[in-house]
Amino acid sequence: MTTNTDQTAPIRWYKTPVDKQAFRALLEKKDGPGLFLVAVTLALLVNFGYLAYATLGTLWSYLFFFIYGSIYVLSGMAAMHETHHRTAFKTPWLNEAVNWISGFMLHKEARYDRWRHLQHHAYTLYEEQDPEFFTARPPVSPWVLPFATALFYPRELIIPFVHATGKRPAYIDERINDKQWQDIVWSSRLFVLGVVALVSWSILAQSWLPLVFTLFAPYYGGLLATLVQTTQHTALAVNNPDHRTSTRTTYMNPLLQFFYWNMNYHTEHHMYAAVPFHALPKLHQLVKHDYPEPSDGFVNTLKEILPAAHRVRKAPQDFIRVQLPEHS
């Protein structure tokens, strides 16, 4: 296992050789696929939101709110993730607008979360360097995942309020320069203004519903997204410069893959992050000969990784060792 003692040194990641001409074609950014996903998601949210409202006071309302919240969080998470990389749309302002809005939906200030996520890509599952390391090495048992949103989202909501003060916290190290920090500060202030606006709307309307459809949605709709995100890295190797050992590709059903913006091809995404989401299935065909066999199905993957994550929590050396192709 390779370690990286210099926390600022770039990691020399293994990359599967790809035909240059075929790869270049995959890098083309488009507006159409992202706009289609956003339009379908908005239509479904309006539909199930209306059904939840229309059936208030009945058991049906709970079902429709659960469906609404599940789409809200999973699609928001995938949209924010892809726009972090500025590959979701060809038009730059679309990337930034969807990035900020989807972040707000999930209690995340987009500018800081983008920095944090790009650090995750630079140092995937390297201890002390990957700010998202906790998702692969949970400090608590994975069996508490149904309650994870109650722990995760309040913390995320507090961060923009801290940043909005303009006082630089200790965890904002030198990797964030002064210009980036100012962008984070002003984006955080806009975030706080948005929260105040929603709370004011709820007070003026004398109704919880404006908050139920927005700020509360991650709490009742976050379970599916949490479980889907768990498939990315959980219980895999750490401190290893080969994404194939630390990141998991999972075959998922078309509906889940649609709302997840093809991020089930997660090893491909980490190895070649510049490839837009709509081209990941084609990239998979180019590189799968050099990858471990993908996990077969969302439910089957959870059956494998949840017990493994529990073992890793007690014995960190007991991670899942993937079988790489013999020619690697």
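The values are calculated or read from the model by the stated rules, or taken from the named source; none is laboratory data. Since we're looking at a predicted model, the values are computed, not measured. Here Cβ is always computed from backbone atoms with ideal geometry, including for glycine, and neighbour counts include all displayed protein chains. In case anyone asks, the SASA skips ligands and DNA or RNA and just uses the protein heavy atoms, side chains included. Shrake-Rupley method; radii C 1.70, N 1.55, O 1.52, S 1.80 Å.
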Q: Report whether or not R86 is surrounded by fewer than 23 Cβ atoms within 10 Å (Cβ to Cβ), out of contact with any Asp or Glu (no Cβ under 7 Å at 6 or more places or on another chain) and either under 23 Å from T247 (Cβ atoms) or charged (D, E, K, R) (or both).
A: yes
Q) Got a sec? Which helices (runs of 4 or more DSSP H) wholly within the stretch 162-266 have at least 1 residues that are over 29 Å from K282 (Cβ atoms)? A) 178-205, 209-212, 217-221, 223-230
(Q) Looking at the stretch 170-186, I want the residues that are farther than 14 Å from R116 by Cβ and modelled with pLDDT of 80 or more and have a partner that is open to solvent by less than 40 Å² (accessible area, probe 1.4 Å) and not hydroxyl-bearing (S, T, Y) with Cβ atoms under 8 Å, at least 6 apart or on another chain. Which pairs are those? (A) V185/H163; V185/A164; V185/G166
Q | Number of the condition not met by L286 [criteria: (1) open to solvent by less than 60 Å² (accessible area, probe 1.4 Å); (2) in contact with a Ser or Thr (Cβ under 9 Å, 6 or more places away or on another chain); (3) closer than 24 Å to L26 by Cβ] | A | (1)
Q | Test: residue in the stretch 150-161 that is surrounded by fewer than 12 Cβ atoms within 10 Å (Cβ to Cβ), at pLDDT below 85 and part of a loop (DSSP other than H, G, I, E, B) | A | no
(Q) I need the full set of residues from the stretch 28-44 which are in contact with a Ser or Thr (Cβ under 8 Å, 6 or more places away or on another chain) and buried (at least 18 other Cβ atoms within 10 Å of the Cβ), in order please. (A) K29, L37, T41
Q.
Between Y14, Y62, which is in a loop (DSSP other than H, G, I, E, B) and either in contact (Cβ under 8 Å) with a residue 12 or more places away in the chain or open to solvent by 80 Å² or more (accessible area, probe 1.4 Å) (or both)?
A. Y14
Q) Which of (1) under 25 Å from P33 (Cα atoms); (2) in a loop (DSSP other than H, G, I, E, B); (3) touching a residue at least 60 places away in the same chain (Cβ under 8 Å) is the odd one out, the single condition I320 does not satisfy? A) (1)
**Q.** Lone qualifier among G57, G34 - being in a loop (DSSP other than H, G, I, E, B) and out of contact with any Gly (no Cβ under 9 Å at 6 or more places or on another chain)
**A.** G57
Q: Test each condition in (1) over 20 Å from the mean Cα position of the chain (by Cα); (2) in contact (Cβ under 8 Å) with a residue 60 or more places away in the chain; (3) under 30 Å from Y291 (Cβ atoms) for G32 and report the one that comes out false.
A: (2)
